[in-house]
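The values are calculated or read from the model by the stated rules, or taken from the named source; none is laboratory data. What you are looking at is a predicted structure, and each value in this text was computed from that prediction instead of being measured. All Cβ positions, glycine included, derive from the backbone under ideal geometry; neighbour counts span all protein chains shown.
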Amino acid sequence: MERPRHQGMAKNTYMRWRLPLVCLLWEVAMIVLFGVFVRFSPEADAHWEEEKQEMNLTSDIENDFYFRYPSFQDVHVMIFVGFGFLMTFLKRYGFGAVGFNFLLAAFGIQWALLMQGWFHSFKSGKILIGVENLINADFCVGSVCIAFGAILGKSSPIQLLVMTLFQVTLFAVNEYILLNLLHVKDAGGSMTIHTFGAYFGLTVTRILYRPNLEQSKDKQGSVYHSDLFAMIGTLYLWMYWPSFNSAISDHGDAQHRAAINTYCSLAACVLTTVAFSSMLQKKGKLDMVHIQNATLAGGVAVGTSAEMMLTPYGSLIVGFICGIVSTVGYVYLTPFLESRLHIQDTCGIHNLHAMPGLIGGIVGAVTAAAATEDVYGKEGFIKAFDFTGAYRTRTPSVQGGFQAAGIVVSLVMALAGGALVG
Amino acid sequence: MERPRHQGMAKNTYMRWRLPLVCLLWEVAMIVLFGVFVRFSPEADAHWEEEKQEMNLTSDIENDFYFRYPSFQDVHVMIFVGFGFLMTFLKRYGFGAVGFNFLLAAFGIQWALLMQGWFHSFKSGKILIGVENLINADFCVGSVCIAFGAILGKSSPIQLLVMTLFQVTLFAVNEYILLNLLHVKDAGGSMTIHTFGAYFGLTVTRILYRPNLEQSKDKQGSVYHSDLFAMIGTLYLWMYWPSFNSAISDHGDAQHRAAINTYCSLAACVLTTVAFSSMLQKKGKLDMVHIQNATLAGGVAVGTSAEMMLTPYGSLIVGFICGIVSTVGYVYLTPFLESRLHIQDTCGIHNLHAMPGLIGGIVGAVTAAAATEDVYGKEGFIKAFDFTGAYRTRTPSVQGGFQAAGIVVSLVMALAGGALVG
Amino acid sequence: MERPRHQGMAKNTYMRWRLPLVCLLWEVAMIVLFGVFVRFSPEADAHWEEEKQEMNLTSDIENDFYFRYPSFQDVHVMIFVGFGFLMTFLKRYGFGAVGFNFLLAAFGIQWALLMQGWFHSFKSGKILIGVENLINADFCVGSVCIAFGAILGKSSPIQLLVMTLFQVTLFAVNEYILLNLLHVKDAGGSMTIHTFGAYFGLTVTRILYRPNLEQSKDKQGSVYHSDLFAMIGTLYLWMYWPSFNSAISDHGDAQHRAAINTYCSLAACVLTTVAFSSMLQKKGKLDMVHIQNATLAGGVAVGTSAEMMLTPYGSLIVGFICGIVSTVGYVYLTPFLESRLHIQDTCGIHNLHAMPGLIGGIVGAVTAAAATEDVYGKEGFIKAFDFTGAYRTRTPSVQGGFQAAGIVVSLVMALAGGALVG
């Protein structure tokens, strides 16, 4: 049965053998590495019956699965449907965007399970995986999907797979530096996912700069239905972002709080996006690209601080600012980046992920620095920032400093890594 | 990057300044009011560690977040994707419907958090919000989305925002009268959400009656793909309705029961919708508008009674009747309302929300009046209707009377409010 | 309001009276049977307050609702959106596929609740239903949706409803034989859902063989947007498959493990699907039918074994093999089946469900036969295979034998049943 094939799925005539070979060899390598290293975490292992008795748990509902699985599925939808469909607004790249996003993500999560496992879940020679590892793998791949948004339409599948391989590796290293060495909090990934992913992608697209791409600008138009498909992506990202920012927070109040803060920030962001989109356009019409993208900036910008005591009005303020920054970015900054800096940012990730990610890192640093035992409660304060063990004596202002250092590290890793891969 | 703009996103030439100003001023007001009034509920506050000890809770899983968050996300999808895409069946209003629905809802939930907070979660000068407040805010905005369905294509964004402002306010007042003064049960909102929202919208559209609208009837046609987009809306509403009706029910059996009753009612409703759609059409063809809408009436009609001991066969009966009533309404009543009463009901909300909502109120009153200690168990009876404190001595038949009064109050509030706003 | 009607929604001129009559009579019969037989399970009944005390449960969160409801909703989305939209890739059958799938499933779940209830939840004359029954009803209807994929475009609604009636009945009988008589494990339904459903559908389509169908081949083409709609179906099936395979597993580690194994298998499957799709096509282009379907085979193939200690690398191996088998099936086997065996398999369910289902049964048998107390732990071993009561002395190798017998029984039931119904 012959069926049409669309632009973007295949240009490279060498691909016939190279793509299959890369995929198969890669998957064989995964099987070998998983065979050597990966096992179930105690909560997913059949020995859990005994584990439960040792840990004095009275109910199966104490299994981490029930704390995190619903959020995991929401994050999963964001990565595969959200990011995939958000990129369908371009007339000719619709299926390519969704299809390649699918391939990249499926490819990346396996490598992410290994890389993050070696750094974070390695015990007596084995990586022990549970639902939290699945969420973290999805997060890691999320940063690849972000970078993909910058180079959409400019690279072959092979190039994308190679980029994924390196980006996941660097992501895990950067995450290790932030979370383990700097002891930084970043549950929603403003720094590790958004800042890192976006600047990585922007560096790569700068290096892949092709002047003649502008001639094929007509391909970049959107059509009526492609805008509705893109809205599916937008809405799923918008709706599930509270799950994204709360998915790996501490059990209990932290997850609860992270969801509320994100909900508030996103709501405020819609209002200022509409305001500025209407204000900056001729005749006051709304630009659909802004509605599809800038409305999400509020979720990015509370990624670090959502699990902290940011408070609902604090979240509104962050969302308020980010809707403005992101929309103004689409109107003025994207054309500037392309014409002056030769950065062709197909989906405008600088406005949706890079700037809001940086703001998110800063908001996180400030919120951490402003923390007091009065606001958090004595035990809540220690739990929220994990001020135990070696970090028992760390003060909020020192924590704020380390948070700020985390932003710089993520930025440097992204720029250096992107340059290397590009 | 110039991109096409579609019908419905902007007609008003004044909008350039008015829409931005309204959005920005509104959002600033929200920030101020949230700053003064809104704080985290104890279960979302970092002090929860201490709270937990006081309340003798042994596990983080006892946090309300884990009881309600999955249902919250389902409701969230219904409001933003369900209602948004359900309205995309019109050829020319597709993006406008989804986009405006997005704007209205994001605008409305903030005001709903405040209004409902003052009435229901106000403690020592502060509104304490948790996941249940987020669900209630989504519910409140749901009634706005319903009303929007009646006036789709007839009003500017500014008018819609003003309508949202007033409707949310009246919704909260009506809800307060029903739940607090009349002590009525309405977890799935047959009265507070559907009856109120639909009659409010119908009154507004009556007042906005424009005879020449009929001339532009061709815009109201649907095309092939718009019907598939609308089915996305339909299916998400249909699938997640059990979450809608169970989201704020009591923990445990009540949530469980509400989901089962709704599942049964919706399944029955599909069968009678198909039967009557086929029967009433020339040549027995199915009308897609019926499939897209009337199949949902079963969910509306068990909104009040789903958490009660309606029983699975009772639910089937309710769904059976509502599929018929709703489909017959689309065939005979909508044209009648338009030609005789000058009510232009773009999406047919009278058939999907108004009539099934009234039926739902009545079914709830009857189910409550028929309750016995035998059926509910001694403790279950008290818990189900909250017959404690001042209501210790209320009998089922009295409760049924109050439930019926709730229907009347909702209807009066909707008609009076709609007239005022219109 | 006249609206266009699409191909597939109605051809039969007799339908005007037959379809309504069948639907109404059926629904009345359901109400009577539900009235006689169906009641709430103890966990959904208002008596649960007392039940809780008897069972010594300290918290409402111990209600099965909280263990299974999120997975139920994911499964619900798979059945109605996943299977429905997966079949929209055909240009002319888009709405018919989604609409009929909706009708079939709503019709089937009611009958499934009764049939499965009589076999599995029948206590003192009543069927007691809870959330697990809803999941099982959705599973049962899933096998009907699979069979529908083979005959898409070839049958009237009435024929589909009759097929649903018989298939659900046979499904319940087959399930009873496997789970109760053979004491076989099959939580994700490789045998009961996929093998049974697919071979049932293939037998029916063989009998409905119409040579002239090939002349209308042009209707089977896809268009650009129909491929994007189909990807919505694909992605929701792919993302939520971990919920499908874990939905009815034992509480705790089994659900956790089933989700992880399925996640791994699906990820591997994408890579080999892309590899073989690219390798087997002219010029190395990717075929969208493969991406839309074969990527899911990994979920089918761990249906039986996902809750066992298959291990992550074992899952990768299964996914690796199934991506290849399924893609090769689309390229070589589907044309062969049609030209030689006169089996017109519209959606290629032989490649997505039949073969991977058989592989899944075999993997399950092998994994069960290879189980040891060392790997599972003493208590975990007994719990995983339910080696209690009459099965106290069953050994892993005997269990493996029974699992293999389950495959044969499912196959025979499907072929015999399909022949009967066809």
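Any chance you could count how many residues in segment C:338-349 are in contact with a helix residue (DSSP H, G or I) (Cβ under 9 Å, 6 or more places away or on another chain) and either among the basic types (K, R) or surrounded by fewer than 24 Cβ atoms within 10 Å (Cβ to Cβ) (or both)?
The number of residues fulfilling the criteria is 7.
Looking at B:Q116, B:Q159 in this structure, which one is polar (S, T, N, Q) and under 22 Å from A:N261 (Cα atoms)?
B:Q116
Taking A:Q116 as the residue in question, decide whether it is within 7 Å of chain C (Cβ to nearest Cβ), under 18 Å from the mean Cα position of the chain (by Cα), at negative phi and in a helix (DSSP H, G or I).
For A:Q116, the condition - within 7 Å of chain C (Cβ to nearest Cβ), under 18 Å from the mean Cα position of the chain (by Cα), at negative phi and in a helix (DSSP H, G or I) - is not met.
Quick check on segment A:123-146: of everything there that is in contact with a strand residue (DSSP E or B) (Cβ under 8 Å, 6 or more places away or on another chain) and assigned to a strand (DSSP E or B), which residue is nearest to A:D186 (Cα to Cα)?
It comes out as A:I129.
Among the residues that make up segment A:54-69, is at least one of them touching a residue at least 60 places away in the same chain (Cβ under 8 Å), surrounded by fewer than 19 Cβ atoms within 10 Å (Cβ to Cβ) and not in a loop (DSSP other than H, G, I, E, B)?
Checked against the condition, which is being touching a residue at least 60 places away in the same chain (Cβ under 8 Å), surrounded by fewer than 19 Cβ atoms within 10 Å (Cβ to Cβ) and not in a loop (DSSP other than H, G, I, E, B), segment A:54-69 yields at least one hit.
Filter segment B:134-175 for residues that are surrounded by fewer than 22 Cβ atoms within 10 Å (Cβ to Cβ), under 20 Å from B:L208 (Cα atoms) and out of contact with any Phe, Trp or Tyr (no Cβ under 7 Å at 6 or more places or on another chain) and give the result.
Scanning segment B:134-175 gives B:K154, B:S155, B:S156, B:I158, B:Q159, B:V162, B:F166, B:L170.
So A:M413 clears everything in (1) touching a residue at least 24 places away in the same chain (Cβ under 8 Å); (2) touching an Asp or Glu at 6+ places or on another chain (Cβ under 6 Å) except one condition, right? Which one?
Result: A:M413 fails condition (2) only.
Inspect segment B:176-192 for any residue being surrounded by fewer than 24 Cβ atoms within 10 Å (Cβ to Cβ), in contact with a helix residue (DSSP H, G or I) (Cβ under 8 Å, 6 or more places away or on another chain) and aromatic (F, W, Y) and give the result as yes or no.
The answer is yes; a qualifying residue exists.
Restricting attention to segment B:27-45, which residues are surrounded by 19 or more Cβ atoms within 10 Å (Cβ to Cβ), facing chain A (nearest Cβ under 7 Å) and in a helix (DSSP H, G or I)?
B:E27, B:M30, B:I31, B:F34, B:E43, B:A44
Identify the residue in segment B:249-266 that is more than 7 Å from chain C (Cβ to nearest Cβ) and not in a helix (DSSP H, G or I) and, among all such residues, is surrounded by the most Cβ atoms within 10 Å (Cβ to Cβ).
For segment B:249-266, the residue satisfying everything is B:S249.
I'd like the residue in segment C:267-315 that is under 22 Å from A:D64 (Cα atoms) and crowded, with 24+ Cβ neighbours inside 10 Å and, out of all such residues, is farthest from the other protein chains (Cβ to nearest Cβ).
For segment C:267-315, the residue satisfying everything is C:S305.
Please enumerate the residues belonging to segment C:322-332 that are surrounded by fewer than 24 Cβ atoms within 10 Å (Cβ to Cβ) and without any contact (Cβ under 8 Å) to a residue 40 or more places away in the chain.
The answer is C:V325, C:Y332.
For segment B:176-189, state whether one or more residues are closer than 21 Å to A:L286 by Cα, assigned to a helix (DSSP H, G or I), at pLDDT 90 or above and hydrophobic (A, V, I, L, M, F, W, C).
No: zero hits.
Where the second residue is exposed (fewer than 13 other Cβ atoms within 10 Å of the Cβ) and the first is closer than 16 Å to C:I207 by Cβ and lies in segment C:335-346, which pairs have Cβ atoms under 9 Å and are six or more apart or on separate chains?
From residues that are closer than 16 Å to C:I207 by Cβ, the pairs are C:E338/C:E214; C:H342/C:P211; C:Q344/C:R210; C:Q344/C:E214.
Determine, yes or no, whether B:G389 is of a type outside the set (S, T, N, Q) and either at pLDDT 90 or above or touching an Asp or Glu at 6+ places or on another chain (Cβ under 7 Å) (or both).
no
Which of the following residues is at negative phi and without any contact (Cβ under 8 Å) to a residue 12 or more places away in the chain: A:Q167, A:Q159, A:Q110?
Every option except A:Q159 fails the conditions.
Quick test of your reading of the structure: A:L237 fulfils all but one of (1) surrounded by 21 or more Cβ atoms within 10 Å (Cβ to Cβ); (2) more than 14 Å from chain B (Cβ to nearest Cβ); (3) modelled with pLDDT of 90 or more. Name the failing condition by number.
Every condition holds for A:L237 apart from (2).
Filter segment B:147-162 for residues that are in a helix (DSSP H, G or I) and out of contact with any helix residue (DSSP H, G or I) (no Cβ under 7 Å at 6 or more places or on another chain) and give the result.
Answer for segment B:147-162, where residues must be in a helix (DSSP H, G or I) and out of contact with any helix residue (DSSP H, G or I) (no Cβ under 7 Å at 6 or more places or on another chain): B:Q159, B:V162.
Identify the single condition in (1) crowded, with 24+ Cβ neighbours inside 10 Å; (2) in contact (Cβ under 8 Å) with a residue 24 or more places away in the chain; (3) under 18 Å from C:F95 (Cβ atoms); (4) within 19 Å of the chain's Cα centre (by Cα) that B:S246 does not satisfy, given that it satisfies every other one.
Every condition holds for B:S246 apart from (3).
Kindly indicate whether any position in segment A:382-403 is without any contact (Cβ under 8 Å) to a residue 24 or more places away in the chain, of a type in the set (D, E, K, R) and out of contact with any helix residue (DSSP H, G or I) (no Cβ under 9 Å at 6 or more places or on another chain).
No - not one qualifying residue is present in segment A:382-403.
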